[in-house]
Amino acid sequence: MFTIKLLLCIVPLVISSRIDQDNSSFDSVSPEPNSRFAMLDDVKILANGLLQLGHGLKDFVHKTKGQINDIFQKLNLFDQSFYDLSLQTREIKEEEKELRRTTHKLQVKNEEVKNMSLELNSKLESLLEEKILLQQKVKYLEEQLTNLILNQPEAPEHPEVTSLKTFVEKQDNSIKDLLQTVEEQYKQLNQQHSQIKEIENQLRRTSIQEPTEIYLSSKPRAPRTTPFLQLNEVRNVKHDGIPADCTTIYNRGEHTSGMYAIRPSNSQVFHVYCDVISGIPWTLIQHRTDGSQNFNETWENYKYGFGRLDGEFWLGLEKIYSIAKQSNYVLRIELEDWKDNKHYIEYSFYLGNHETNYMLHLVEITGNVPSAIPENKDLVFSTWDHKAKEHFNCPESYSGGWWWHDECGENHLNGKYNKPRTKSKPEKRRGLSWKSQNGRLYSIKSTKMLIHPTDSESFE
């Protein structure tokens, strides 16, 4: 810019000098060589000015070009960011559509349940009316029967009265069954309502902000020596006729998951959590959800149990043995990974007593995840302070008690609870994991171990 201003000052001076020279030529005739030299000087001055102007323009062009390149780079970054945001927006919209579809399905089911409930209510009302009429008839007949007995004491009971009594008893039983069915329908209806509310809340949150996952790092804890099995609520506690397991409780009419008191044969009374899955009562013997309970416990604690039945817990080897020795049982293992994928596998099993270190023998029955525990082999339970024969290194390098064979595998549902941020392979091996025979390693978020007799009519 300074060069351009200098040229703008020089050029008028040159032009004015030229005009002065032309005017002076009219007044006096100067020698020819002086005018020629003066013109060359003017040309040089003008050339220098133009040269400086060219350099200034060149510098200006370079600066402008650099600024344009910076602008293009910023535009490219903006385009990339906008593209990423559009992808995220598309994913959120797809999730929202899926949630809306699920909500619609649940609403349809809710309407079906409502209709069924209304039908049951109408049937129940009609049955109650019939019951009242029958009771009135029975009362009238009983009065007549009383009069007949007083008048003819040796006369046998009239067959019509007997048939009516039998019919009334059947009606009473059917009404009781219908009342129980109505109660179950109301419970299902309430569950459907709660599910719909949860999905609607999730839809609102999804439409406002993107879903995020927060994983908290886990802290190691030293083994405890005095855990207690704590209870918040206990149902169906009886002093006489205490059931032998969850199947007995279910067969007596308790169809709700929860904590109950049982007494297996030749055993003391203790409490278990009965988990009803698709109409089948299972006894929960292990539960892991969030790492709140330390599972690196002693042999005594694994023998008698630790934790909370309404949270994370281990029921106890002695209690599991007292239940399993009553009949043939099935072991069910439920797994959920950090992507919320759910898996399960079921085994028929045999469990030994404390003299065999609670030896476990498994045979796979069914499941949707490859088996990872050795089958048809004698697996011995070990802890860090109770080292079974040929298993000395497992409890020290793999925290928590578990059933081992001739080597330590990467299948340890009582290991240290590791969050997804743990990337060290040794840490993963010592943690909650399930490695199938095909080599795939599942990092587990939650586990359940449950048992159920193969004969559902057991112990009645």
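The values are calculated or read from the model by the stated rules, or taken from the named source; none is laboratory data. Keep in mind that what you see is a predicted model, and the values were worked out from it rather than measured. FYI the Cβ positions are ideal-geometry reconstructions off the backbone, even for glycines, and counts take in every protein chain you see. Keep in mind that these areas ignore ligands, DNA and RNA; they rest on the heavy atoms of the full protein, side chains included. Shrake-Rupley method; radii C 1.70, N 1.55, O 1.52, S 1.80 Å.
Restricted to the stretch 304-321, and to residues that are of a type outside the set (D, E, K, R) and part of a helix (DSSP H, G or I), which residue is most open to solvent (accessible area, probe 1.4 Å)? The qualifying residue most open to solvent (accessible area, probe 1.4 Å) is Y304. Per the conditions (1) open to solvent by less than 30 Å² (accessible area, probe 1.4 Å); (2) farther than 24 Å from W384 by Cα; (3) at pLDDT 95 or above, the sole criterion not satisfied by I345 is (3). Considering the stretch 351-364, the residues that are closer than 15 Å to V330 by Cα and either out of contact with any Leu (no Cβ under 9 Å at 6 or more places or on another chain) or of a type in the set (D, E, K, R) (or both) include one that is most open to solvent (accessible area, probe 1.4 Å), namely E364. Annotation note: of S399, S371, the sole residue that is modelled with pLDDT under 90, over 24 Å from Q293 (Cβ atoms), of a type in the set (G, A, S) and in the same structural domain as L284 (by the TED database) is S371.
Yes or no, residue by residue, for (1) free of Cβ contacts under 8 Å to residues at least 24 places away in the same chain; (2) surrounded by fewer than 22 Cβ atoms within 10 Å (Cβ to Cβ); (3) touching a Phe, Trp or Tyr at 6+ places or on another chain (Cβ under 6 Å); (4) assigned to a loop (DSSP other than H, G, I, E, B):
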| residue | (1), (2), (3), (4) |
| --- | --- |
| N266 | no, yes, no, yes |
| W282 | no, no, no, no |
| I285 | no, no, no, no |
| Y302 | no, no, no, no |
| I323 | no, no, no, no |
| Q326 | no, yes, no, yes |
| F349 | no, yes, no, no |
| P370 | no, yes, no, yes |
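Taking L106, is it at pLDDT 80 or above, touching a helix residue (DSSP H, G or I) at 6+ places or on another chain (Cβ under 6 Å), more than 26 Å from G253 (Cβ to Cβ) and surrounded by 10 or more Cβ atoms within 10 Å (Cβ to Cβ)? Yes: the conditions hold for L106.
Those residues that are surrounded by fewer than 20 Cβ atoms within 10 Å (Cβ to Cβ) and touching a residue at least 60 places away in the same chain (Cβ under 8 Å), I need them from the stretch 240-252; list them, please. Result: N251, single match. Count of the stretch 268-280 residues, restricted to those that are open to solvent by 30 Å² or more (accessible area, probe 1.4 Å) and in a strand (DSSP E or B), is 5.
From the list K114, K165, K176, which residue is basic (K, R), open to solvent by 90 Å² or more (accessible area, probe 1.4 Å) and either part of a helix (DSSP H, G or I) or modelled with pLDDT of 85 or more (or both)? Explain how you work it out, then say what you get.
Details: K114 fails: open to solvent by 90 Å² or more (accessible area, probe 1.4 Å); K165 fails: open to solvent by 90 Å² or more (accessible area, probe 1.4 Å).
So the residue among K114, K165, K176 that is basic (K, R), open to solvent by 90 Å² or more (accessible area, probe 1.4 Å) and either part of a helix (DSSP H, G or I) or modelled with pLDDT of 85 or more (or both) is K176.
Do we have S322 as farther than 17 Å from S446 by Cα and out of contact with any His (no Cβ under 8 Å at 6 or more places or on another chain) here?
Details: farther than 17 Å from S446 by Cα: yes; out of contact with any His (no Cβ under 8 Å at 6 or more places or on another chain): yes.
So S322 fits the description; yes.
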